[in-house]
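First comes the structure, then the notes that go with it.
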Amino acid sequence: MSMKKFLLAASVAGVALAGAAVELSAQTKPTIATVVKISGIPWFSRMEVGVKAFGSANPDVQASQSGPATADAAQQLKIIEDLTARRVNALAVVPMDPSVVEGALKRAMDRGIIVVTHEADNQRNTNADVEAFDNAAYGAALNERLAKCMGGQGKWTSFVGSLGSRTHIQWVDAGAANAKKYSGMTLVDEKNESFDDANKTYEKAKEILRKHPDIRGFQGSAGNDVLGIGRAIEEAGLQDKVCLVGTGLPNPSAQYLESGAIDAIGFWDPRDAGMAMNSVAKILLEKKPLADGMDLGVKGYEKVTVKKGPGQGQLIIGNAMVIADKATYKDHLF
């Protein structure tokens, strides 16, 4: 063999060996894939900040986030199935509808993939579900702020992202239970589906204002609900007559908090929730136990409650609830 041919062969062999090394490295570095309800909205863009921060702080794992372009459970299911086929090591899922993804998550677990969920304390096929707080307490807290604003009197209604969104239903059901303490409050046309679309929520809110011109309050659930309802209230000049509380983020809600169209928002930091889910996934990948009172190393999850979930997995509950209004929202700008 000539020297030229020898060097060429050695070069090709070196490239092949390098490629094998890269492939081996990719195989030995665990992948944690976060799948959210919908990409491109403020709530889950903020969560992606947390996922990326977790990946930066934990270079021994590969962390990523994806989700459907619209709030569609079937599209989210397809993403989960694709990631399962690619054999990621762990899935961190915020289900649009827990019942829709049960089968897909079971198949993932059957393949040895760790599954962690969020906003889905009824999920049976998960190794662990992470909740930011007790969901009934959160829904009641939002409604208590609404009742205070309404003076305990008048008609009110509720919005959910979808009727399949577990936490949203928990929040508005807890709100309805809380409102029963006030004999003057009347719930009308409850559980309007918004699909986390501010424009659809706006149109529905206008419809409700026309149908019930004497309505006094709205309780929202999806992150965009307060934006759509707030817009409808502000355009109608009803800031001083109609009360609005609901889940929302400080920066997107600022305009309507300042105008009085939104009276209070409730939230937990999606960044921290993303980090908490990934932290639990890594703990489980390392085959370490989840213990009651443990610190996940994330704000609001320093001393979590750990108990048995509805299936074979565990339920992890943090203490990350925040309720803010015009006077306090600037303490939490994101």
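On the basis of the beta-carbon distance and an R0 of 25 Å, ASN58 and THR305 show a calculated FRET efficiency of 0.55. Charged side chains reduced to their Cβ positions (Lys and Arg at +1, Asp and Glu at -1) give the chain a dipole of some 720 debye around its Cα centre. Modelled spin labels at ALA327 and ASP110, positioned 7 Å past Cα toward Cβ, are 5.6 nm from each other. Based on C-alpha pairs under 8 angstrom that are at least 6 apart in sequence, the stretch 116-193 has a relative contact order of 34 percent.
Each label was represented as a point 7 Å from its Cα along the Cα-to-Cβ direction; for ALA85 and GLU190 these points are 4.2 nm apart. Sequentially through the stretch 132-149, phi angles give Karplus couplings (6.51, -1.76, 1.60; θ = phi - 60°) of 5, 5, 6, 5, 5, 5, 5, x, 5, 5, 4, 5, 5, 5, 5, 4, 4, 5 Hz, Gly and Pro residues having no value and appearing as x. The relative contact order of the chain comes to 18 percent, based on Cα pairs under 8 Å that sit 6 or more residues apart. Residue by residue, the stretch 208-224 carries 3J(HN,Hα) couplings of 5, 5, 6, 5, 10, x, 9, 5, 10, x, 10, 10, x, 10, 5, x, 8 Hz when phi is fed to the Karplus relation 6.51 cos²θ - 1.76 cosθ + 1.60 (θ = phi - 60°); x denotes Gly or Pro. Spatial offset of the stretch 301-324 relative to the stretch 175-205 amounts to 26 Å, using the alpha carbon center of each.
By accessible area, using a 1.4 Å probe on protein heavy atoms only, the chain has 53% of its surface on carbon and sulfur. Mind jotting down the distance between the C-alpha centroids of the stretch 241-278 and the stretch 67-92, whole Å? Cα centres, the stretch 67-92 to the stretch 241-278: 27 Å.
Dipole magnitude for the stretch 79-224: about 280 debye, using +1 per Lys or Arg Cβ and -1 per Asp or Glu Cβ, origin at the Cα centre. For GLU131, the residues 5 or more places off, or on other chains, whose built amide H falls under 5 Å of its own are ILE316, ILE317, GLY318. When the stretch 104-203 is described by a simple charge dipole with +1 on each Lys and Arg Cβ and -1 on each Asp and Glu Cβ, the residue from GLY112, ALA176, ASN125 located farthest towards its positive end is ALA176. Take the stretch 258-319 with all the other protein chains still there, run a 1.4 Å probe, and you get 43 Å² of accessible area per residue. Straightening the chain between SER39 and LYS78 buys 12.6 nm, computed as 0.36 nm per residue apart minus the Cα-Cα spacing. Taking every protein chain into account, the accessible area of the stretch 183-226 amounts to 45 square angstrom per residue (probe 1.4 Å). Applied to the stretch 99-112, the Karplus parametrisation 6.51 cos²θ - 1.76 cosθ + 1.60 on θ = phi - 60° returns per-residue 3J(HN,Hα) values of 5, 5, 9, 3, x, 5, 5, 5, 5, 5, 5, 5, 8, x Hz, with x for Gly and Pro. In the stretch 233-323, taking the dipole from charged Cβ atoms about the Cα centre, the farthest positive-side position among ILE262, LEU244, PRO289 is held by PRO289.
The values are calculated or read from the model by the stated rules, or taken from the named source; none is laboratory data. Just so we're clear, the structure is a prediction, and the values are computed from it rather than from any experiment. Note: ideal-geometry Cβ built from the backbone for every residue, glycine included; neighbour counts use all protein chains shown. To get the accessible areas, we keep the full protein, side chains included, count just its heavy atoms, and leave off ligands, DNA and RNA. Shrake-Rupley method; radii C 1.70, N 1.55, O 1.52, S 1.80 Å.
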